[in-house]
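To start, the structure under review is shown below, and the notes come after it.
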Amino acid sequence: MPGLLDTAAVKAIARRVGFSKCGVARAEPLDPAPLDRMLALGGEADMAWLGAHRAERLDPARLLPGARSVVALALAYGAPARGRGDGPPPGTGEVARYARGRDYHAVMRRKLKELAAGIAEVDPGARVLATADVAPVMEKAWAQRAGIGWVGKNGCLITIEHGSWVVLATALVDRDLEPDAPHPMRCGTCEACLPACPTGAIPAPGLVDARRCISFWTIERRGPIPKDVAGELGSWMFGCDDCQTVCPWNRRGAEAADPGLAPRPEQAALGIDDLLALGEEEYGRRFHGTALARARYDGLVRNALLAAGRSGDRRYRAAVEAHLGSPHEGVREAARWAMGRLA
Ligand code: B12
Ligand code: SF4
Ligand code: SF4
């Protein structure tokens with residue numbers, strides 16, 4: 001039955017759909033300073049798309065003409081409390097917690113569709129653009145403005161209830177909704193995440209330099225990883241959580257809000273041997289539908305070769321050598337680097 005679309009109605013729909021948190025902000029342009037600061041530094045690394053859509057990133061009305069409100073949404077994923085399951089078993093590389101279940105993009109897409117359908121039931125004329133991760137929308141900035149959490153000094157959006165173990169989405173709406181108050185910054189005097197970053201990728205509070213971030217190199221980087229970075233990736237095979245695991249707001253861990261996001265034990269740490277022996281077809285079967293697919297076959301094998309090299313374990317030599325003739329440049333280079341380490 002059509003009625004009035006207001007903030008309470010939107011939040012009730014978000015709750016029904018299963019989002020962990022929902023808040024509303026006015027769709028007024030964002031402060032350009034943080035984005036410009038990062039771009040001026042070159043902190044976007046290879047991700048030129050971060051600067052290419054600067055105007056859209058700052059002003060939602062450029063994405064949805066007539067946008068009046070931004071609904072910010074958070075979905076908690078499963079993460080163990082600190083102390084349990086820390087560090088991957090020997091012979092494996094660790095996977096960031098957000099990527100240990102089903103691909104959150106798929107889970108989000110379904111929920112965002114249901115949210116848009118719920119809004120259409122109340123207000124059939126409302127126009128909605130609901131996305132997660134894929135559109136030029138600064139999701140953390142909106143989440144903070146809409147009051148669901150704050151951007152911590154580690155650059156992540158932190159909620160009181162679930163820590164930073166949440167993924168984010170937004171829905172732009174061409175309706176005036178009562179806004180929530182922005183969330184206050186709750187880091188206080190803590191700075192634990194800055195020295196905890198193994199590669200010094202957080203040169204100042206809240207500023208993440210992707211050129212030094214393990215998450216960038218192991219997930220987003222296409223092709224070869226420079227020699228000086230290859231040895232610095234620690235125990236990580238895909239992504240990195242080091243600046244989050246030290247955060248006091250994450251001490252308790254989090255329950256997955258959707259069963260699809262619950263961690264699968266076999267996806268928390270990947271065997272180096274397994275990945276070195278992986279063919280493209282088997283890769284498709286194993287990783288399709290997970291966030292790990294973002295790294296593609298060659299990215300994951302490249303990461304495994306570097307992990308083998310860092311381990312110093314000469315038993316990997318034959319498996320590494322087999323990749324020296326790979327058609328993928330990133331894989332070939334990683335195999336050469338690892339052979340040098342295992343010599
Ligand atoms: C590009 C990108 C990356 C890049 C760059 C990271 C970055 N910090 O921007 C890389 C590949 C490194 C990356 C890594 C990760 N990412 Co990412 N990423 C994105 C993406 C696509 C765009 C982010 C963006 O616009 N960055 C540009 C900068 C300028 O924007 P911003 O950080 O949002 O800007 C704010 C801060 O700079 C802050 N700020 C500026 N100055 C200051 C000063 C102080 C003192 C403070 C406190 C804050 C502050 O204010 C700005 C506005 O609020 C978003 C999805 C999206 N569309 O938003 C996901 C997203 C941010 N990533 C996400 C995740 C999960 C991760 C990882 C945790 C994955 C992992 N475990 O490996 C890591 C975390 C690394 C980290 N410490 O930030 C989630 C965030 C979840 C959360 N709770 O915060 C997002 C929102 C995806 C999603 N839909 O859920 N990511
Ligand atoms: S994700 Fe890892 S490498 Fe990137 S800023 Fe955090 S601790 Fe540093
Ligand atoms: S570790 Fe401390 S400074 Fe860093 S994000 Fe968490 S509370 Fe903020």
Seminar exercise, completed: For LYS153, the lysines lying under 30 Å Cα to Cα, once residues fewer than eight places off in the same chain are dropped, come out as LYS11, LYS21, LYS111, LYS140, LYS227
Problem set entry | Cysteines without a disulfide-compatible neighbour (Cβ-Cβ under 4.7 Å), the chain | CYS22, CYS156, CYS187, CYS190, CYS197, CYS213, CYS240, CYS247
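How large is the Kirkwood hydrodynamic radius of the range 16-87, counting all unique pairs of alpha carbons, in Å? If you can, show how the numbers build up before the last one.
On the way: mean 1/r = 0.0651 Å⁻¹.
After inverting the mean inverse Cα-Cα distance, the result is 15.4 Å.
For the range 175-277, what ratio Rg/Rh do Cα atoms give with a Kirkwood hydrodynamic radius?
Values: Rg = 17.4 Å, Rh = 16.7 Å.
Result for the range 175-277 is an Rg/Rh of 1.04.
At R0 = 25 Å, how high is the FRET efficiency between ALA12 and ARG127 if r is their beta carbon distance? Nearest 0.05 is fine.
Working: r = 20 Å, r/R0 = 0.80.
Calculated value: 0.80.
Order by neighbour count: HIS288, HIS328, HIS53, fewest other Cβ atoms within 10 Å first, most last.
Working: HIS288 10, HIS328 19, HIS53 14.
The fewest-first ordering by Cβ neighbours comes to HIS288, HIS53, HIS328.
Assuming R0 = 51 Å, what is the FRET efficiency of ALA120 and ALA318, from their Cβ-Cβ distance, to the nearest 0.05?
Details: r = 59 Å, r/R0 = 1.15.
Calculated value: 0.30.
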Problem set entry | Inverse mean reciprocal Cα-Cα distance (Kirkwood Rh) of the range 1-139, Å | 17.6 Å
Seminar exercise, completed: Counting only DSSP beta bridges fully inside the chain, the antiparallel percentage to nearest 5 is 95 percent
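Computed over the Cα atoms of the range 189-343, what is the convex hull's projected area averaged over all directions, in nm²? Show your work: numbers first, answer last.
Details: hull surface 40.5 nm².
Over all viewing directions, the range 189-343 projects a mean Cα-hull area of 10.1 nm².
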Exercise. For the residue pair ARG82 and ARG264, what label-to-label distance in nm results when each label sits 7 Å from Cα along the Cα-to-beta-carbon direction?
Worked result: 3.0 nm
Exercise. So, how do all the Cα-to-Cα distances of the range 232-309 break down into 10 Å bins, in percent, from 0 on up?
Worked result: 16, 44, 31, 10, 0
For this session: Compute the FRET efficiency between HIS288 and LEU4 as 1/(1 + (r/R0)^6), taking r as their Cβ-Cβ distance and R0 = 51 Å, and round to the nearest 0.05.
Result: 0.75
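Once Rh for the chain is found with the Kirkwood sum over Cα pairs, what is the Stokes-Einstein diffusion coefficient at 4 °C and 1.567 mPa s, in µm²/s?
For these conditions, the coefficient is 61 µm²/s.
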Problem set entry | Distance (nanometres) between label positions extended 7 Å along Cα→Cβ at LEU41 and GLU178 | 3.9 nm
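Between LYS227 and ARG296, what length comes free when the chain is fully extended (0.36 nm per residue of separation minus the Cα-Cα distance, one decimal in nm)?
Working: separation 69, 0.36 × 69 = 24.84 nm, distance 2.07 nm.
Extra length available between LYS227 and ARG296 comes to 22.8 nm.
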Problem set entry | Radius 14 Å from Cβ of PHE238, net charge of other residues (Lys, Arg +1; Asp, Glu -1) | 0
Exercise. Once both labels are modelled 7 Å past Cα along the beta-carbon direction, what's the ASP274-LYS113 spacing in nm?
Worked result: 3.0 nm
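Treat the count of other C-beta atoms within 10 Å as a stand-in for reagent exposure and order CYS187, CYS193 from fewest to most.
On the way: CYS187 19, CYS193 23.
Sorted ascending by nearby Cβ count, the order is CYS187, CYS193.
At 10 °C and 1.306 mPa s, what whole-number value in µm²/s does Stokes-Einstein give for the translational diffusion of the range 56-113, with Rh from the Kirkwood sum over Cα pairs? Please report the intermediate quantities before stating the final value.
Values: Rh = 15.1 Å.
Value of D from the Cα-based Kirkwood radius: 105 µm²/s.
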Exercise. Picking from ARG15, ARG315, ARG302, which is most flexible by a Gaussian network model of the chain using Cα springs under 10 Å?
Worked result: ARG315
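Would you compute, from DSSP H runs of 4+ residues alone, the mean residue ellipticity of the chain at 222 nm, taking -39500 (n - 2.57) per run and dividing by the full residue count, rounded to the nearest 500? Don't skip to the end; give the middle numbers.
Numbers: 15 runs with 119 residues, N = 343.
Only helices count here, giving -9500 deg cm²/dmol.
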Exercise. Once amide H atoms are built 1.01 Å from N in the peptide plane, which residues 5 or more positions from VAL24, or in another chain, come under 5 Å H to H?
Worked result: ALA72, ASP180
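Within the set of other residues whose C-beta is less than 13 Å from the C-beta of PRO203, count the net charge using Lys and Arg as +1 and Asp and Glu as -1.
Working: positive: ARG37, LYS153, ARG211, ARG212; negative: GLU191, ASP209.
Spelling it out: positives minus negatives among the neighbours equals +2.
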Problem set entry | Overall Cα dimensions of the range 249-289 - principal axes, largest extent first, Å | 39, 20, 14
For this session: Would you mind checking the tilt of helix 296-311 against the longest principal axis of the Cα atoms of the chain, expressed as 0 to 90 degrees and rounded to 10?
Result: 50 degrees
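Readers should treat all values here as calculations from the given coordinates under stated rules, not as data from a laboratory. Since we're looking at a predicted model, the values are computed, not measured. All Cβ positions, glycine included, derive from the backbone under ideal geometry; neighbour counts span all protein chains shown.
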